[in-house]
Amino acid sequence: MTRVLIVEDDEILGDELRDVFTQWGFEASLVASVHDFWANVEDYQPQLVVVDLTLPDGSGVDIIRDVRSKSDIGIIVMSGRSDEIERVVCIETGADDYVVKPFSSREMVARIRQLMYRTGGVAYTPSAAVNTLETGRFKFNDYVFDTSAMALTDPGGDEVSLTTLEFSVLKTMVVHARQVLSREFLLESVHATNWAGSDRNIDNLVSRIRKKISAPGSAPPVRTVRGVGYMFALEVEPF
């Protein structure tokens, strides 16, 4: 039986979804916040997450990003907004599907079944939740990035000078390569350095990083996602 974890703070809608999923043969559990999601996901080990974007203690986008960095389970976004940019951000961050409210129960069930067929019903497990990319060595565009040694080497073998803040932001983008990261998320990545920055400071840091790892004639290594933040666009290979 497919286990579905619903993340929805609207109690009426959440209960309706849980009842519908149960009637259609799924095992469904409901949580109402980002905190409750992380408190339950490892024990419940869902094969699918159905997540609302607007939650009382955070954004569904953060759940999408963090889950996708740890697991290949299915993720369906439900939102009251049909904005194209928001849809693209969710898909690029790691969501498999995006459904606009209101939607029919038959449509949602059909999407779930199709997604389970594509993913093979893989479950979120504690072992899958260990992110092995947090430390190690990475290669992109012939640059070598050693997070343990806090060192970046260019294709010619020369070390690229990085400030502590530049290193923190670059590490976050590399670990979450090809995922859209908000400025707020990048700010959190450097808060551990006791640095009180702002969105504008993040923009400046990203601009400096771009200049240090850009190759003439190549596509920009970091894409700006208008109104949201940035995405590290290069293919990253751990080694």
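Nothing in this text is a laboratory measurement; each read-out follows from the coordinates by a stated rule. What you see is a predicted model, and the numbers here were worked out from it, not measured in a lab. Reconstructed Cβ throughout: ideal geometry from the backbone, glycine too, with neighbour counts over all protein chains shown.
Residue order for 176, 35, fewest other beta carbons within 10 angstrom first, comes to 35, 176.
Here residue 171 is the anchor, and the lysines within straight C-alpha reach of less than 21 Å, apart from those fewer than 8 places off in the same chain, are 70, 139, 211, 212. Counting neighbouring Cβ atoms within 10 Å and putting the fewest first, the residues 44, 117, 143, 124 line up as 117, 44, 143, 124.
Test of understanding: ordering 27, 8, 166 by Cβ neighbours within 10 Å, fewest first, what list do you get? List each step's numbers first, then the result.
Details: 27 15, 8 23, 166 18.
If I rank by nearby Cβ atoms, fewest first, I get 27, 166, 8.
Return the long-range amide H neighbours of residue 180 (sequence gap of 5 or more, or a different chain), with a cut-off of under 5 Å between placed amide H atoms. Counting only residues 5 or more places away or on other chains, the set is 93.
Helix-derived [θ] at 222 nm for the chain: sum -39500 (n - 2.57) over DSSP H runs of at least 4, divide by residue count, nearest 500?
-12000 deg cm²/dmol
Across the range 3-129, the relative contact order, built from alpha-carbon pairs under 8 Å that are at least six residues apart, equals 26 percent.
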